[in-house]
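Chemist: Shown below is the structure under consideration.
The values are calculated or read from the model by the stated rules, or taken from the named source; none is laboratory data. This one's a predicted model, so the numbers in the text were calculated from it and none came from an experiment. Reconstructed Cβ throughout: ideal geometry from the backbone, glycine too, with neighbour counts over all protein chains shown.
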């Protein structure tokens, strides 16, 4: 039995090792009902992400953030996973996953680029000590944005081997998620990030018009996604000089 | 990827040397650089450009300048401009501005886009002159840059000062994409509202503004279009508006448009109510046809009732 949690992790290419991914991927290919469940979960996540932002109490945010950081830590020291014994109901599982996704997006966008100037290369670099220390929430940011940029790059790389109808669906999904992240960045008061994500939109639309089959567009997007990932990485390594 | 700057520069220059052949080949087959995937030689240059993101800006900038001034292909230079958009320095902005006036359409286009991504107010303002003097392609590029930067006012001004209907419609379409409700509403108050505006209002779900156009004194074709497009807006308020417009108008075109709007919005109950209230056979026949096209329970009920009477 594959749980909703596992399906969500599979969809976001996160938190599963290669064997688990292969097992779930094979199961989805062979089981139309499971594929439908995955689609339904993704639709719920997208719908939840499109909901207007509501203020979340600071203590709740902190609790969610701790949970995310714990999950990140557990990824690093993953050992054999014990089988799950308890399960949420589908409703609660989806609601929890959606809430975590929305909060994660909001948190990562809010914390990642704050203040905006830190994310933009400066000449000359001032490197004040306080800024060099960076925010304490950097891991959450990196996790969230990497998740979007890296998964988009992976999906683009996989377009070539996909069937035409799968390609079209994948591009549609990538476009919708990119808009969601751009919107989240705007709402989080991070214009620099929002602008870059918005700039991807016309290329994605052009790609969609051609059924996901335009190597020039894919190459351009892949390059720009890698540049953005490079910026994030450089920011983590040397925050005072490059970002 | 942690190249040292000299290695990056060497890689980029090496890429330029092998790119000469690519440029001449592309001229022969008349393929624009921006319309193709990078060659192997260009891939190396692009990898080097990506590596620049790991470098401090004051080291990366001279290398990017060298790439832009050198003999790299247009495709590599375009990507260099994107990298430049990520560097927050006056010099980087100057280079982008300068390139936005370039005679090379591909480089100009990418520079304008990069100005949008960079988001510098002064650079975005300077696009105004480029927009005014530019052809349709340039205007579209500038509008896209303002969209990326979220410059609603600049796009609004472009719509307001447009010299042709196409130009206005393009700006209005961008305003719609920006969800610029206030700016679109301000355009409604202009005499002779444009059809592009009707589309943007429908997409943004602005029922009040559409109704204002529909019931105004502007060009009739635009008013008819506004009535029809109310059908795109779902919900009880839009349904009620269309029923009222149908019932309160004597103009056949407007009534037809209202009926089409109800068809688009799937308001079978509304059409049934109008059918039941219709006083002439012609009107009843027209409404019954519409109901039939809607393929609903209400349609069946009306058909059944009409046949029973016979």
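Chemist: Please go through the stretch B:233-246 and give me each residue that is modelled with pLDDT under 90 and surrounded by 14 or more Cβ atoms within 10 Å (Cβ to Cβ), ordered by number.
Modeler: B:233
Chemist: Same structure, new question: Given the conditions (1) free of Cβ contacts under 8 Å to residues at least 24 places away in the same chain; (2) surrounded by 24 or more Cβ atoms within 10 Å (Cβ to Cβ), report the number of the one that residue B:53 does not fulfil.
Modeler: Tallying (1) free of Cβ contacts under 8 Å to residues at least 24 places away in the same chain; (2) surrounded by 24 or more Cβ atoms within 10 Å (Cβ to Cβ), residue B:53 fails exactly one: (1).
Chemist: Which members of the stretch B:247-262 meet the condition of being surrounded by fewer than 22 Cβ atoms within 10 Å (Cβ to Cβ) and under 16 Å from residue B:202 (Cα atoms)?
Modeler: Correct list: B:260 only.
Chemist: Scanning the stretch A:186-205 for residues that are away from chain B (no Cβ under 11 Å) and assigned to a helix (DSSP H, G or I), which turns out nearest to residue B:78 (Cα to Cα)?
Modeler: A:204
Chemist: Taking the criterion of being at the interface with chain A (Cβ under 10 Å from one of its Cβ atoms) and closer than 25 Å to residue A:217 by Cα, would at least one residue in the stretch B:100-110 satisfy it?
Modeler: yes
Chemist: What's the number of the only condition in (1) surrounded by 14 or more Cβ atoms within 10 Å (Cβ to Cβ); (2) over 32 Å from the mean Cα position of the chain (by Cα) that residue B:265 fails to meet?
Modeler: Of (1) surrounded by 14 or more Cβ atoms within 10 Å (Cβ to Cβ); (2) over 32 Å from the mean Cα position of the chain (by Cα), only one is false for residue B:265: (2).
Chemist: Please determine, by comparing only the residues of the stretch B:60-88 that are within 9 Å of another protein chain (Cβ to nearest Cβ) and part of a helix (DSSP H, G or I), which one is farthest from residue B:114 (Cα to Cα).
Modeler: My answer is B:60.
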